[in-house]
Structure formats: structure tokens, C-alpha cells
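Participant: I'd like to ask you about the structure that follows.
The values are calculated or read from the model by the stated rules, or taken from the named source; none is laboratory data. What you see is a predicted model; the values in this text were computed from it and never measured. Reconstructed Cβ throughout: ideal geometry from the backbone, glycine too, with neighbour counts over all protein chains shown.
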Amino acid sequence: MSLLLSSGFRIPQIGLGTWKSRPGEVAAAVKTALQLGYRHIDCAAIYFNEAEVGEALQDVLKVKKIVPREQVFVTSKLWNTEHKKEHVRPALIKTLKELQLEYLDLYLIHWPVAFPNIGGEFKDRPSPKKNGKTLLEDVSLLETWEAMEGLVSEGLVRSIGVSNFTVPHLETLLSDSRIKPANNQVELHPYLPQNELAQYCKEKGIVITAYSPLGSPGNIPGDTDVLLEDPLVLRIAKKYHKSPASILLRYVIQRGFVVIPKSVTPARIESNKVDTESFELSEEDLAALLNIGKTKRYVDPSKNWGTLLFPDSHF
């Protein structure tokens with residue numbers, strides 16, 4: 001299963017996410033996923049594990065030659081400290097070096113905010129704070145995007161897109177861009193269906209990728225709103241003889257989006273793909289999940305950045 005991007009390339013609809021996958025675990029997870037038929041690996045510089053992901057890609061693609069490079073779709077993301085035009089290309093080159101790749105299939109602006117770049121090694125680079133809030137830097141999204149477009153022209157990146165962008169952010173890019181965003185990666189699940197954003201992206205030909213499709217359990221300390229334990233999700237899972245995770249992933253797939261569940265457990269990695277592709281939700285059950293009656297955003301670091309990226313934030 002894959003979706004056509006506006007760039008003309010296809011993106012596999014189910015990928016392996018690597019957020020919070022620790023060093024010592026992520027290489028094995030990537031190898032397992034590729035051996036099980038995954039053809040999409042989602043990465044980011046700020047995950048600080050791209051070097052280990054690169055070791056796994058090297059082993060599978062070049063040493064053992066289990067699958068050819070052109071059949072594996074690799075995504076990475078530009079961090080907030082690298083938004084100035086002169087920082088974008090070096091950031092990508094570092095990512096390519098760590099991933100041991102000659103090009104990326106998709107490169108995203110990770111968040112629509114810029115932090116000051118104070119130099120030094122990326123992994124040791126602190127984000128200056130004031131009154132407990134991360135300081136922001138005034139860098140136009142259009143400046144960053146122009147540099148991203150240059151990466152496509154060089155052949156270093158096949159497709160470019162964004163992550164965590166709202167409709168106003170996308171309108172800014174579309175107002176003056178040579179290449180429109182091919183993808184917008186956002187938190188999306190039944191508690192956060194993103195209906196308005198999804199409709200806008202559909203109209204503009206922007207494919208959505210859903211992260212935290214299971215509700216990001218454990219991301220908010222003490223949180224009791226566990227999507228995987230929602231009564232409706234459990235009831236539908238019992239009906240189809242599937243896990244709650246498979247129901248939530250299928251919900252994303254049937255809405256026409258890409259989904260990138262994260263796991264380092266071989267059995268879970270396999271079930272996330274095989275089980276999700278093996279059945280369909282009825283229109284009635286899909287509608288029930290779309291109208292689940294609860295709204296929740298699990299991932300919003302912007303509250304610590306002195307800005308409000310998501311006006312609908314509920315915590």
C-alpha cells in the first residue's frame with residue numbers, strides 16, 4: 001500500500017517510526033522491519049539515533065542486499081536550530097552521513113518555529129532559555145523552505161514537506177513557493193482527528209502522515225486518558241478479533257493517510273503491519289471512531305517554547 005506524493009514519488013502507507021527508540025535498540029528494530037516487509041523508515045536529527053539507523057540501513061541495503069535502496073523510503077527532519085538558509089544544507093549533509101545514504105526520499109521541517117543556532121556539535125547544542133521558556137529566533141518559514149527547495153534541485157532530496165504545521169503555516173508556504181509541500185506529518189488519532197487540517201491538505205494535494213497514532217502512551221506523566229484502553233476502541237477490537245493497536249492503525253489507513261507506529265519489539269513490529277493490512281473497518285465503526293466524543297493532544301512541546309502553535313491544545 002502506498003500513496004502518491006505531489007513530487008511524483010510514492011510513499012509506503014505504513015512505516016516504522018524511530019522516535020524514542022533508544023540507541024542499542026533502534027538498529028535491530030529497523031532490520032526487523034525491513035525483513036518483515038516494511039519499506040518506509042521515519043527518522044529525525046533530534047532523535048539522536050540516526051547513526052544507528054544508518055548502520056542498520058547499511059547492513060540491510062548494502063552488505064546483505066536484502067532489498068534495493070530504491071525500494072526503501074527514508075524520511076528525516078530538519079531541527080529548529082537549523083532554519084536559517086545557511087544551516088539547512090549542512091544539517092541535511094550530516095543526516096545523510098549518519099544514515100549512510102546518498103539521498104533522502106523525504107525531508108521535513110520538523111516544527112514551524114526556529115531556535116537560535118549557537119554553534120558547536122548538534123548533539124551538544126543547548127537551546128537558550130529565558131524564564132524557563134526556550135528562546136525563539138525570527139526566521140521566515142519561506143527562507144527555510146527556499147533552502148529546502150534547493151536540496152531537491154541538487155538531487156539530495158526527492159521530496160520535501162513539513163511536520164506539525166497548521167493551516168496558517170501551510171498557507172504561508174503556499175503563498176510563495178516553487179515546490180509545494182508533499183507531506184505534513186502531524187499527531188493524528190481518534191482523540192485528535194485533525195478534520196479541518198485533513199480537508200485542507202486534501203484540497204492542496206498534501207499527503208498527511210499520522211504520528212502517535214496510538215495516542216503516545218506515557219508521553220504525559222500521570223495522564224489517565226489512554227487511547228488504547230478507550231471503551232469504544234476495545235469494543236471494536238473485540239469485534240474484529242484484533243488488538244486495539246491494529247484498530248487505531250487501520251483507522252488512519254482507511255482515512256487515506258500514512259501511519260508510522262513505533263516499536264522495538266519484533267512481534268509488535270510484525271503485527272502493526274500484517275494485522276493492519278489484513279482487515280477493514282466497516283463504515284459504521286470508522287464513523288464511530290471519528291466521533292469518539294473526546295479531544296486530546298498528547299504532543300505539544302510548544303508550551304515550553306514561549307509560543308502557542310496549537311490553539312486547540314487541551315493541556
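Participant: Give me a count of the residues in the stretch 130-145 that are among the aliphatic types (A, V, I, L, M), within 21 Å of Asp300 (Cβ to Cβ) and outside any loop (DSSP other than H, G, I, E, B).
Facilitator: So the count comes out to 1.
Participant: From the list Arg250, Arg268, pick out the single residue that is without any contact (Cβ under 8 Å) to a residue 24 or more places away in the chain and part of a helix (DSSP H, G or I).
Facilitator: Answer to the selection: Arg268.
Participant: Is the stretch 272-294 home to any residue that is closer than 25 Å to Asn183 by Cβ, in a helix (DSSP H, G or I) and among the β-branched types (Val, Ile, Thr)?
Facilitator: Looking for residues that are closer than 25 Å to Asn183 by Cβ, in a helix (DSSP H, G or I) and among the β-branched types (Val, Ile, Thr), one finds at least one in the stretch 272-294, hence yes.
Participant: Moving on. Checking the structure you have, find out if any residue of the stretch 179-188 is at pLDDT 95 or above and in a helix (DSSP H, G or I).
Facilitator: No, there is no match, as no residue in the stretch 179-188 is at pLDDT 95 or above and in a helix (DSSP H, G or I).
Participant: Considering Leu188, Leu156, Leu192, which residue is over 16 Å from the mean Cα position of the chain (by Cα) and aliphatic (A, V, I, L, M)?
Facilitator: Leu156
Participant: Taking the conditions exactly as written (over 16 Å from the mean Cα position of the chain (by Cα), at positive phi and either acidic (Asp, Glu) or not in a helix (DSSP H, G or I) (or both)), does Gly306 satisfy them or not?
Facilitator: Yes; evaluated as a whole, the condition is true for this residue.
Participant: Any residue at all in the stretch 219-229 that's surrounded by 21 or more Cβ atoms within 10 Å (Cβ to Cβ) and either among the hydroxyl-bearing types (Ser, Thr, Tyr) or on the phi > 0 side of the Ramachandran plot (or both)?
Facilitator: No.
Participant: A follow-up question, please. Being surrounded by 17 or more Cβ atoms within 10 Å (Cβ to Cβ) and in contact with an Asp or Glu (Cβ under 6 Å, 6 or more places away or on another chain) narrows it down to one residue among Glu50, Glu82; which is it?
Facilitator: Selected residue: Glu50, the only one of Glu50, Glu82 that is surrounded by 17 or more Cβ atoms within 10 Å (Cβ to Cβ) and in contact with an Asp or Glu (Cβ under 6 Å, 6 or more places away or on another chain).
Participant: For residues that are in contact (Cβ under 8 Å) with a residue 60 or more places away in the chain and under 19 Å from the mean Cα position of the chain (by Cα), scanning just the stretch 55-87, find the one that is farthest from Val139 (Cα to Cα).
Facilitator: Across the stretch 55-87, the extreme among qualifying residues is Phe73.
Participant: Would you confirm, using the coordinates I've provided, whether Gly15 is of a type outside the set (D, E, K, R), modelled with pLDDT of 95 or more and over 19 Å from the mean Cα position of the chain (by Cα)?
Facilitator: It is false that Gly15 is of a type outside the set (D, E, K, R), modelled with pLDDT of 95 or more and over 19 Å from the mean Cα position of the chain (by Cα).
Participant: Is it the case that the stretch 284-295 has a residue that's farther than 14 Å from Pro190 by Cα and hydrophobic (A, V, I, L, M, F, W, C)?
Facilitator: no
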